[in-house]
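Quick notes on the structure that follows.
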Amino acid sequence: MNALFIYPEIPDTFWSFSYALRFVSKKAAFPPLGLLTIASMVPAEWNRKLVDMNVGRLENIDLIWADIVFISAMHVQKDSTAELVERCRKFSVRIVAGGPYFTTSPDTISGINHLILGEAEDVLPTFLHDLANGTPRDIYEAQTRPDLSLTPEPDWDLINFKNYDSMLVQFSRGCPFDCEFCDIVLLNGRNQRTKSSAQFVGEIDTLYQKGWRGTVFVVDDNFIGSKAKVKEMLRDLGGWMEENNRPFHFLTEASINLAEDNELMDLMSYAGFNKVFIGLESPNEESLKEANKLQNTRKDMMDAVKTIQKNGMEVMGGFILGFDSDPRKIFDSLIDFIQSSGIVTAMVGLLQALPGTKLWKRLSMEGRLLSDSSGDNTGEGINFIPKMDVQKLLEGYRMVVETIYSPKAYYTRCIAFLMTYRHKTASKIDLSGIKAFFKSIWHIGIRNEGKFRPYYWRLLLGSLIINPRTFGEAVRLAIVGIHFRKSMSSQRDSRQGCPMSVIR
């Protein structure tokens with residue numbers, strides 16, 4: 001059996017980092033962890049090949065070779081996925097599809113032979129058994145939340161590490177919180193399930209043995225959902241990092257209550273974590289309560305952000321506009337919060353109602369739901385009727401993004417962050433980092449004729465004055481800033497000559 005695993009193309013978004021990747025000569029930010037894991041679950045005698053459409057083209061010869069195609073996708077990939085399915089059908093190849101997009105929107109795309117809905121560890125073996133016996137069903141839906149000890153290591157041999165900026169691993173699934181707009185509970189539940197410490201550190205060691213060095217993204221829904229288990233793992237991971245000369249630095253996603261646990265922050269820093277994404281959502285407390293984001297109301301968010309920064313981790317913040325409780329001053333309040341906090345990477349998006357979430361159900365009952373979600377909350381799409389006037393909301397959103405990613409505001413935030421940030425462990429500079437530095441000198445510090453150039457030099461000089469150990473961070477932030485600005489400009493240019501629509 002020839003099995004072809006295909007990952008659809010991700011459009012240019014805030015998180016694609018497409019412009020920044022050019023500085024480090026990479027084709028994509030991350031590999032498709034889900035498909036690589038599924039590839040390890042199919043029979044060992046099968047021939048396997050993976051095509052990540054974000055790093056290379058899918059050729060007709062690939063589809064001619066394949067007996068069966070596995071597709072995994074997120075909502076943001078739905079357009080590419082629809083085109084991919086149609087292309088596979090032309091070659092009469094059997095299609096198996098799963099992942100977040102299909103699990104929450106199984107009826108969106110026709111022409112798929114077999115749907116694997118939910119987490120695959122328990123249900124995929126049943127499909128493979130039926131397939132071998134010639135009796136596969138159209139739909140297989142997981143009825144349980146699997147023990148992660150069943151999860152095999154990804155098949156890293158299917159990708160070329162040189163194509164990617166970061167590797168992905170997973171320690172846990174699920175989140176103890178239940179935010180109205182979030183689909184994590186729908187997909188993975190509230191009961192935090194983890195791998196054993198030995199299992200997870202073993203996966204890290206495999207990456208090391210395969211030759212990977214650099215960034216590793218721990219893609220947990222909420223890395224600190226089970227603090228006792230994560231602390232146990234971090235002690236082992238920290239020891240492994242010391243023994244192996246600290247070959248990696250980690251980033252992950254967590255809730256804001258991380259700032260309440262000094263031991264946990266110390267262990268994360270010791271283990272090599274230097275970035276954490278936190279859904280801060282809004283500086284308006286009523287909006288947080290509306291979204292059932294109560295964990296963000298129990299501690300002053302500004303203090304929490306500063307605490308985490310002082311403990312050696314950059315806070316990447318997620319923010320949402322469009323809550324019913326948002327006051328008219330929300331746009332100015334959000335700008336003030338972002339600038340004062342020193343959150344350099346601030347993902348500001350419009351509220352999206354994702355299929356199956358509590359928000360989706362509430363808006364549907366209220367007759368305010370307009371369409372499916374685009375999956376990209378950093379664009380100008382909004383799939384429901386907001387309480388605020390739509391034009392005011394869109395104008396305010398644009399004003400926020402254009403303000404915080406203007407050269408002056410962005411580089412001011414960078415300096416504010418570097419003044420708060422406290423390194424706990426030394427960062428290694430590899431060859432790609434050195435190349436990126438010299439590319440940044442040419443493209444930003446010399447060639448750029450816009451407003452970036454003077455701020456670029458001020459940032460690098462400022463980092464040396466603040467703390468020479470932050471120089472590498474300053475270079476990275478300068479490069480990432482170019483991506484954010486160009487992404488915003490690209491979205492703005494795409495609106496020229498087009499009437500503004502509620503649904504895009």
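The values are calculated or read from the model by the stated rules, or taken from the named source; none is laboratory data. Everything numeric in this text was worked out from a predicted model, so none of it was measured. When we count neighbours, we look across all protein chains shown, and the Cβ atoms used for this are built from the backbone with ideal geometry, even at glycine. Note: accessible area is taken over every heavy atom of the protein model, side chains too, but ligands, DNA and RNA are not part of it. Shrake-Rupley method; radii C 1.70, N 1.55, O 1.52, S 1.80 Å.
Ignoring ligands, DNA and RNA, what accessible area per residue does the chain give at 1.4 Å, in Å²?
On the way: 21280 Å² over 504 residues.
Roughly 42 Å² per residue, with all protein chains present.
Express in % the proportion of alpha carbon pairs of the range 16-117 at distances exceeding 22 Å. Don't skip to the answer; put the middle values down first.
Values: 1686 of 5151 pairs.
Everything past 22 Å amounts to 33 percent.
Once you place label points 7 Å from the Cα toward the Cβ at GLU395 and HIS423, how far apart are they in nm?
Distance between label points: 4.7 nm.
Helix-derived [θ] at 222 nm for the chain: sum -39500 (n - 2.57) over DSSP H runs of at least 4, divide by residue count, nearest 500?
On the way: 19 runs with 207 residues, N = 504.
Here the helix-only value at 222 nm equals -12500 deg cm²/dmol.
Quick one: which residues, 5+ away or cross-chain, put their amide H under 5 Å from the amide H of PHE277? H built at 1.01 Å from N.
For PHE277, the qualifying residues are THR252, GLU253, ALA254, MET316.
Give me the one-decimal Kirkwood hydrodynamic radius in Å for the range 130-237, with the sum taken over alpha-carbon pairs. Please report the intermediate quantities before stating the final value.
Values: mean 1/r = 0.0626 Å⁻¹.
One decimal place: 16.0 Å for the Kirkwood radius.
On a 1.4 Å probe surface of the protein chains, which of SER282, SER406 comes out largest in accessible area, and what is the full order?
Working: SER282 0, SER406 30 Å².
Descending accessible area places them as SER406, SER282.
Compute the label zone of ASP157 within the range 48-67: residues whose backbone N is under 13 Å from the point 7 Å along Cα-to-Cβ.
48-50
Taking every pair of Cα atoms in the range 278-389, average 1/r, invert it to obtain the Kirkwood radius, and report Rg/Rh to two decimals. Could you put the intermediate results ahead of the total?
Numbers: Rg = 14.6 Å, Rh = 14.8 Å.
That ratio is 0.98, to two decimals.
Using the Karplus curve 6.51 cos²θ - 1.76 cosθ + 1.60 with θ = phi - 60°, work out ³J(HN,Hα) for each residue of the range 123-131 in order, rounded to whole Hz, and write x for Gly and Pro.
9, 4, x, 5, 4, 5, 5, 5, 4
Could you sort the peptides 319-331, 103-115 by per-residue average Cβ neighbour count (10 Å cutoff), highest mean leading?
On the way: 319-331: 19.2, 103-115: 16.4.
Final packing ranking: 319-331, 103-115.
Sort the range 80-133 into rounded, prolate or oblate with this rule: let a ≥ b ≥ c be the square roots of the eigenvalues of the Cα gyration tensor; rounded if a/c is under 1.5, and if a/c is not under 1.5, prolate when a/b is larger than b/c, oblate otherwise. It would help to have the intermediate numbers written out before the result.
Working: a/c = 2.77, a/b = 1.28, b/c = 2.17.
Since a/c reaches 1.5 but b/c is at least a/b, the shape of the range 80-133 is classed as oblate.
Rounded to the nearest 10 Å², what accessible area does CYS179 show when all protein chains are kept and the probe is 1.4 Å?
Spelled out: CYS179, probe radius 1.4 Å, area about 10 Å².
Counting alpha carbon pairs within less than 8 Å and at least 6 residues apart, what relative contact order, in whole percent, applies to the chain?
Values: 872 pairs, mean separation 66.5, N = 504.
With pairs under 8 Å counted, the relative contact order is 13 percent.
Let me know the longest stretch in the chain that avoids all GluC sites (Glu not before Pro) found in a DSSP loop with at most 11 other C-beta atoms within 10 Å. Don't jump to the answer; show the numbers that get you there.
Working: sites that count: GLU45, GLU59, GLU366, GLU449.
With GluC sites (Glu not before Pro) excluded where exposed in loops, the chain gives 60-365 as its longest stretch.
With a 1.4 Å probe and all protein chains left in place, how much of the accessible area of the chain comes from carbon and sulfur atoms, in whole percent?
Numbers: 10900 of 21280 Å².
Within the chain, the accessible surface is 51 percent carbon and sulfur.
Evaluate the chain: find the radius of gyration of its Cα atoms, find its Kirkwood radius, and give the ratio Rg to Rh.
Using Cα coordinates only, the ratio equals 0.95.
At 1.4 Å probe size, with no ligands or nucleic acids counted, give the accessible surface of LEU124 in Å², nearest ten.
0 Å²
With both bridge residues required to lie in the chain, what share of the DSSP beta bridges run antiparallel, to the nearest 5%?
On the way: 3 of 50 bridges.
If I count the DSSP bridges inside the chain, around 5 percent turn out antiparallel.
Write down, largest first, the equivalent ellipsoid semi-axes of the range 184-313 in whole Å, where each equals the square root of 5 times an eigenvalue of the alpha-carbon gyration tensor.
Details: eigenvalues 158, 54, 30 Å².
Each semi-axis is √(5λ); the values are 28, 16, 12 Å.
Work out how much length TRP442 to LYS27 would gain on full extension: take 0.36 nm times their residue separation and subtract the Cα-Cα distance, in nm to one decimal.
Numbers: separation 415, 0.36 × 415 = 149.40 nm, distance 2.06 nm.
Result for the pair: 147.3 nm of gain on full extension.
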